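Below you'll find the structure I mean.
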Amino acid sequence: MNATLPTADALRSALAGLLDGLPPSQAARAVDRLIANYRGTTPTDAPVLRDRSDVAAYAAYRMPATFEAVRSALGALRDAAPGFTPATHTDIGGGTGAATWAVAEAWEDEAPRTTVLDWAEPALELGRELAAASGVPALRAARWERSRISASLRLESSDLVTVSYVLKELTEADRAAVVTEAARTAQAVVIVEPGTPDGYARIIEARDRLIGAGLTVAAPCPHSGDCPIVPGTDWCHFAARVSRSSLHRQVKGGSLPYEDEKFSYVAATRFPPEPAPSRIVRKPQIRKGLVLLDLCEPEGALTRTTTTKRHGELYKAARDAGWGDAWPPHAG
């Protein structure tokens, strides 16, 4: 594989051969069962991914979506901390390494030294294989270590810690301990969860814990105050476009070549960030001659602003703006 390929393309290429020899119907059944486990009450005394066929099927199905969600969160972190170039990275509960691939792309020219921690050895083994096949030097150099993700976790200091799609698998006490440990050891922490009401609730819980540990919110919020959303009335989440594989189409049905991965996230730093002046928290509504933008403001309030043709260049920018973008563009 050509080492000059963009990481997203390299990931798709590496995943393409994962299911060789595994009948499509078996892969689809494995994905269905694993999705049911993740959506239900997951036991915390054993990994959900049991063997290579489990890991291969789930990686082919889920890695691209996790990669795109983390990629989006890292992009927001980079916008808020343009001078931050991590030399070290720890991926807690990283499994087959989707977040590690996203980190390698985000800092392509100076990718950090990464350690992936997970308690499922089959996932770590496959992650190593994918990294070795990637053609990406930073991925090939990553360390893959088996570790129980629980209150007993102890980390070495790291510039960047990522925790993606992990907190749901943990007990409340373990979630609190893992986030606290990440905050203790890192200069920047990025946590990503599914874009569901309960995923958002876990993000808010983690956000409060990071702030309590002395970190400042870098994204998506333009402030470190209380979230202005009234619990139970709505939830903050975003979307990332994901190219669908044949396995995606087989499991979910439909013919579209893409789907939108809904996710919630928080990025926080030990150093002062430059958060967005405001954040677009809903898909912009484009009407004839105007654009409606729902914003989270730096004062900790939710507002709606209307941009019309008379605003000139700002109107053009509003028409091009996306859900999750900073607003206004190029502020400062």
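Can you send over the carbon and sulfur percentage of the accessible area for the stretch 130-199, probe radius 1.4 Å, protein chains only?
Carbon with sulfur: 49 percent of the solvent-accessible area.
Here's a follow-up. Given a Förster radius of 35 Å and the C-beta distance between Lys316 and Asp109 as r, what FRET efficiency does 1/(1 + (r/R0)^6) yield to the nearest 0.05?
0.65
How many nm is it between the label spots at Thr216 and Ala87, if each spot is 7 Å from the Cα in line with the beta carbon?
Result: 2.3 nm between the two label points.
Once amide H atoms are placed 1.01 Å from N in the peptide plane, what residues at a sequence separation of 5 or more from Gly324, or on another chain, have their amide H within under 5 Å of its amide H?
For Gly324, whose amide H was placed from the backbone, the distant partners under 5 Å are Ile280, Val281, Arg282.
While we're here: Counting only protein heavy atoms and using a 1.4 Å probe, what share of the accessible area of the stretch 251-328 belongs to carbon plus sulfur, as a whole percent?
Of the solvent-accessible surface of the stretch 251-328, carbon and sulfur hold 52 percent.
Go through the stretch 90-98 residue by residue and turn each phi into a ³J(HN,Hα) via Karplus (6.51, -1.76, 1.60, θ = phi - 60°); whole Hz please, and just put x for glycine and proline.
10, 10, 7, x, x, x, 7, x, 4
With the other protein chains left in place, how much accessible area per residue, in square angstrom, belongs to the chain at a 1.4 angstrom probe?
Accessible area per residue: 45 Å².
Here's a follow-up. Taking the Cα centre of the chain as origin, work out the dipole magnitude from +1 charges on Lys and Arg Cβ and -1 charges on Asp and Glu Cβ, in debye rounded to 20.
Computed about the Cα centre, the dipole is about 880 debye.
With a 10 Å radius around each residue's Cβ, average the other Cβ atoms per peptide and rank 214-222, 173-181, 78-86, highest first.
Top of the packing list down: 214-222, 173-181, 78-86.
Right, another one. So what J values fall out for the stretch 261-275 if you push phi through Karplus, 6.51 cos²θ - 1.76 cosθ + 1.60 with θ = phi - 60°, rounded to Hz, Gly and Pro as x?
Computed from phi, the couplings for the stretch 261-275 are 7, 8, 8, 10, 7, 9, 10, 9, 10, 7, 9, x, x, 10, x Hz.
Eight or more residues apart or on different chains, and alpha-carbon atoms under 25 Å: count the Lys pairs in the chain matching that.
9
In addition: Tell me what the chain gives for mean residue ellipticity at 222 nm when only DSSP H runs of n ≥ 4 count, each as -39,500 (n - 2.57), the sum divided by the residue total, rounded to 500 deg cm²/dmol.
After summing the helix terms and dividing by residue count, I get -12000 deg cm²/dmol.
Roughly what would the spin-label model give for Glu121 and Asp9, points 7 Å off Cα along C-beta, in nm?
3.8 nm
Which whole-Hz couplings ³J(HN,Hα) result when phi for each residue of the stretch 140-150 is put into the Karplus expression 6.51 cos²θ - 1.76 cosθ + 1.60, θ = phi - 60°, listed in order with x for Gly and Pro?
Computed from phi, the couplings for the stretch 140-150 are 4, 8, 5, 9, 10, 10, 6, 7, 6, 8, 7 Hz.
Let me ask something else. Each label point is 7 Å from the Cα along the Cα-to-Cβ direction; what then is the distance between the points at Arg154 and Arg33, in nm?
About 3.7 nm separates the two model spin labels.
Okay, moving on. Length gain on complete extension for the stretch Lys309 to Leu292, per 0.36 nm per residue less the alpha carbon to alpha carbon distance?
Computed gain between Lys309 and Leu292 is 4.9 nm.
Go ahead and set up a Gaussian network model of the chain, Cα springs under 10 Å, then flag whichever of Ala28, Ala317, Ala65 fluctuates most.
Ala317
The values are calculated or read from the model by the stated rules, or taken from the named source; none is laboratory data. Values in this document were obtained by computation on a predicted structure and should not be read as measured data. With ideal geometry, Cβ positions are generated from the backbone for all residues, glycine too; neighbour counts draw on all protein chains shown. For accessibility, only protein heavy atoms count, side chains too; no ligands or nucleic acids. Shrake-Rupley method; radii C 1.70, N 1.55, O 1.52, S 1.80 Å.
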